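**Student:** One structure follows; several queries about it will come next.
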Amino acid sequence: MMRFFSNAKFSNLTIKLLSISAIVGTLIISASLYGLIAMWSSMNHLIKIIETGQNQERKILVISLHFKEQVQEWKNVLLRGKNSADREKYINKFKNQEKIVQQQSNDLLKELKRLQLHSLANQLKKFTKAHKVLSQKYQQGFEHFKHSNFNSEAGDTAIRGIDREPIKILTEVAHLISKQLLADTELAVKKKQQVIILTMTLITLAVIIGTIIYAFLIKVMIIRRVQNLTHDLKLIAAGDFTHPLHTSGHDEIGQIGLAVKTLKENTGKLIAEISKATHQVDHAALEMSSTMSATQEQLDKQAQKSTHASSAMNTMNDSIKAIVLKAEAVAESALNANQKSLEGQQMLTQTRDIIKGLANEVNTTSQIIGTLSESSDNVGSILDVIKGISEQTNMLALNAAIEAARAGEQGRGFAVVADEVRGLAQRTAESAGQIDDLIMELRSHASKAVEAMEKGKASTEQTVEQSQKMSDILTIIINSVGEISKTNSTISESISKQSTSCDNVNEQINSISQLAKEANTSTSQTTKMSQSLSELSSNLAHLISQFKVNNASTSQENKKTTST
């Protein structure tokens, strides 16, 4: 039967309910029709019994009337027999009534035998015999009446009292027919009562069986499926997207199950993608923080060396008056300064390359977070669709409740189911709203992260420009120190020029130190931004961890990214 109702023709829940009602109604109507037919047959049998009994009573009454008329005609013969014409007239009437009584008695006797009413037949047979004997006695009386010269008293004396026995027999036959009619009627009434009881029993059994079938089919086709769907929706509302959904059928409940299944799959994929992106952002933030720490250490070293160079130039400026006596010392100091400048230039070149790499990482991180923001927008669109579906489901449940209310007592169970479906739709809308709030918070954090990364990107580009300037300045310093080495032989002749050059060099070194401090400050800001990005990624990962999804492939991909 379940395969029959799962057919595509029964894809509508209303059709299924109407089909079940039709089956149950057919069962009850069949039992009722059987009872009505049986009652009709019993009623016809009772009517036939009554009609037969009344017909027999009527025939006995007619026989009795004709017999009395026969007796009356005999009295007319006695009273008016002196006149030959009257005598002949009444004697013919007497004989005619006698024939009628005999004929009707024989007809009734045949009918009683045909109906197998043997006691009545035997009693009526006694009457026919008595009537024949009576006819003979009437003949003898008539002969006596003629021999007595038509004396009525003599004729009456000859047959006085002979009609009492047949009348008594007819009375007994009539009484027996009435008694038999009463007995047959009582028996027919009892049978009719039994038929009524049987009919009521069959109708009651049909109602009970129909109710059981209806309740069973409703439980199997609607209640059990709604309970499974409710359980699945509770798991989804709790954040568990790993549990398989129980979906079956092509009706409205099956369509709701398919919609929930699609929602679960799409939301699970979305959460897995967000989790994947969160791990990538966290990994990039850690790498950026590590790079910024290394850059800051290099800048600290550069500042220290710049300070040392400035101190050396001050010392050289103080001792320039004795430069003639210490030309060799000056040449050696120039050589050391040249070497330090080359090292500083190399460090600046490395720092610039590192900062460029950091800029690329910041740009990549910004793009990833932008993609994360777009994905959250897509999630918002999907949640709007979910809300629309829940509203439509709520409207369908409301319409179903109205139809159930119209159906009255028969639609009470369906009204309960409609209320349950309506409650499920409302809880789905509430869950979708909660997910929407989480997505809005994710969008806000993603937007802030994008703004912070844009600021970090700008600061990184500025640091690259400053590093380029520092490299150019170091090139100038190297060239200046080279000139010092070349002109060391004439240092005594250009003391004033050398003093000026030393002042310029000291100023340039101070500028380099200042630039290094500024670069250090920018690096610290970038480090803080990377830490903020890491915290944001951790918060996002914490939110995503509330959902359970089949993310085995995502975990493997995250492990590969971490190991890389």
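The values are calculated or read from the model by the stated rules, or taken from the named source; none is laboratory data. Predicted, not measured: the structure shown is a model, and the values here were computed from it. Virtual Cβ from ideal backbone geometry, glycine too; neighbours counted across all protein chains shown.
**Student:** Suppose the filter is part of a helix (DSSP H, G or I) and touching a His at 6+ places or on another chain (Cβ under 9 Å); does residue 100 pass it?
**Tutor:** Numbers: part of a helix (DSSP H, G or I): yes; touching a His at 6+ places or on another chain (Cβ under 9 Å): yes.
Yes: the conditions hold for residue 100.
**Student:** To continue, here is another question. Residues of segment 1-23 being assigned to a helix (DSSP H, G or I), modelled with pLDDT of 55 or more and closer than 18 Å to residue 403 by Cβ, which ones?
**Tutor:** 13, 14, 15, 16, 17, 18, 19, 20, 21, 22
**Student:** Test of understanding: among 78, 120, 65, which residue is assigned by TED's automatic domain parsing to the domain that holds residue 48, under 30 Å from residue 184 (Cβ atoms), touching a helix residue (DSSP H, G or I) at 6+ places or on another chain (Cβ under 6 Å) and among the aliphatic types (A, V, I, L, M)?
**Tutor:** On the way: 78 fails: under 30 Å from residue 184 (Cβ atoms); 65 fails: touching a helix residue (DSSP H, G or I) at 6+ places or on another chain (Cβ under 6 Å).
Matching residue, one of 78, 120, 65: 120.
Yes/no matrix, rows are residues, columns are (1) surrounded by fewer than 15 Cβ atoms within 10 Å (Cβ to Cβ); (2) among the charged types (D, E, K, R); (3) at pLDDT below 75:
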site: 308; (1), (2), (3): yes, no, yes
site: 321; (1), (2), (3): yes, yes, yes
site: 325; (1), (2), (3): yes, no, yes
site: 338; (1), (2), (3): no, no, yes
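**Student:** May I pose another question? In the set 272, 206, 238, which member is of a type in the set (A, V, I, L, M, F, W, C) and over 25 Å from residue 432 (Cα atoms)?
**Tutor:** Going through 272, 206, 238 in turn, the sole match is 206.
**Student:** Only residues that are closer than 16 Å to residue 62 by Cα and surrounded by fewer than 13 Cβ atoms within 10 Å (Cβ to Cβ): list them for segment 107-137, please.
**Tutor:** Listed by number, the list holds a single entry, 107.
**Student:** Considering only segment 250-284, state which residues are crowded, with 19+ Cβ neighbours inside 10 Å and not in a helix (DSSP H, G or I).
**Tutor:** 251
**Student:** Would you call residue 190 farther than 26 Å from residue 48 by Cβ and either of a type outside the set (Gly, Ala, Ser) or at pLDDT below 80 (or both)?
**Tutor:** no
**Student:** For the structure I just gave you, tell me whether residue 68 is of a type in the set (Lys, Arg) and closer than 16 Å to residue 135 by Cβ.
**Tutor:** Here the answer is yes, as residue 68 does meet what is asked.
**Student:** Next question. Looking at segment 433-441, is at least one residue exposed (fewer than 14 other Cβ atoms within 10 Å of the Cβ), at pLDDT below 75 and among the charged types (D, E, K, R)?
**Tutor:** Scanning segment 433-441, I find no residue that is exposed (fewer than 14 other Cβ atoms within 10 Å of the Cβ), at pLDDT below 75 and among the charged types (D, E, K, R), so the answer is no.
**Student:** Picking from 52, 26, which residue would you name as being part of a helix (DSSP H, G or I) and modelled with pLDDT under 75? Write out each step before concluding.
**Tutor:** Details: 26 fails: modelled with pLDDT under 75.
Result of the check over 52, 26: 52.
**Student:** Still on this structure: Would you check if residue 98 is touching a residue at least 12 places away in the same chain (Cβ under 8 Å), in the same structural domain as residue 183 (by TED's automatic domain parsing) and over 16 Å from residue 171 (Cα atoms)? If you could, list the steps in order and put the result at the bottom.
**Tutor:** On the way: touching a residue at least 12 places away in the same chain (Cβ under 8 Å): yes; in the same structural domain as residue 183 (by TED's automatic domain parsing): yes; over 16 Å from residue 171 (Cα atoms): yes.
It is true that residue 98 is touching a residue at least 12 places away in the same chain (Cβ under 8 Å), in the same structural domain as residue 183 (by TED's automatic domain parsing) and over 16 Å from residue 171 (Cα atoms).
**Student:** So, one more: Kindly indicate the residue of segment 237-249 that is assigned to a loop (DSSP other than H, G, I, E, B) and touching a Ser or Thr at 6+ places or on another chain (Cβ under 7 Å) and also modelled with the highest pLDDT among those meeting that condition. Walk me through it before giving the result.
**Tutor:** Filtering segment 237-249 for residues assigned to a loop (DSSP other than H, G, I, E, B) gives 238-239, 241-249.
Subsequent filtering for residues that are touching a Ser or Thr at 6+ places or on another chain (Cβ under 7 Å) retains 241, 249.
Working: 241: 69, 249: 64.
In this case the residue turns out to be 241.
**Student:** Answer yes or no as to whether residue 297 is of a type outside the set (A, V, I, L, M, F, W, C), in a helix (DSSP H, G or I), within 51 Å of the chain's Cα centre (by Cα) and modelled with pLDDT of 70 or more.
**Tutor:** Working: of a type outside the set (A, V, I, L, M, F, W, C): yes; in a helix (DSSP H, G or I): yes; within 51 Å of the chain's Cα centre (by Cα): no; modelled with pLDDT of 70 or more: yes.
Against the criterion (of a type outside the set (A, V, I, L, M, F, W, C), in a helix (DSSP H, G or I), within 51 Å of the chain's Cα centre (by Cα) and modelled with pLDDT of 70 or more), residue 297 does not qualify.
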